[in-house]
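Notes follow once the structure below has been shown.
The values are calculated or read from the model by the stated rules, or taken from the named source; none is laboratory data. The shown structure was predicted, so the numbers you read here are calculated from the model rather than taken from an experiment. Positions of Cβ are backbone-derived with ideal geometry, glycine not excepted, and every protein chain shown enters the neighbour counts.
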Amino acid sequence: MQRRDGVVELLAALVVAAQLLAEGMLEQAFVDQIAGRLAVYLGPIAPIVTRKAARDAKTRSEFVRRVADSLGTQERAAFLREVGYGDS
């Protein structure tokens, strides 16, 4: 019974670790999605801004915030709402 409990605890820890890792990873599809939304505001330089932000950011949230910093106050608020980061 102890071994089974240990295995269950290990699996639970692995699930938590995978979730934390997934939050920190910047998949290319996510970067491309954000670049597409940013292009509405910045035009053709959006991919350059997102590429730099992706290189420097450690999490998705940090990435989105770095990208949003390239916008003015009102545009930044609208952009963050559009991409689902407006409430934080």
Among (1) surrounded by 19 or more Cβ atoms within 10 Å (Cβ to Cβ); (2) in contact with a Leu (Cβ under 6 Å, 6 or more places away or on another chain); (3) not in a helix (DSSP H, G or I), the one test that residue 63 misses: (3)
Number of positions in region 61-80 that are within 14 Å of the chain's Cα centre (by Cα) and over 21 Å from residue 27 (Cβ atoms): 0
Residue list for region 32-60, filter: under 11 Å from the mean Cα position of the chain (by Cα) and surrounded by fewer than 13 Cβ atoms within 10 Å (Cβ to Cβ): 58
State yes or no: is residue 57 in contact with a Lys or Arg (Cβ under 6 Å, 6 or more places away or on another chain) and at pLDDT below 95? yes
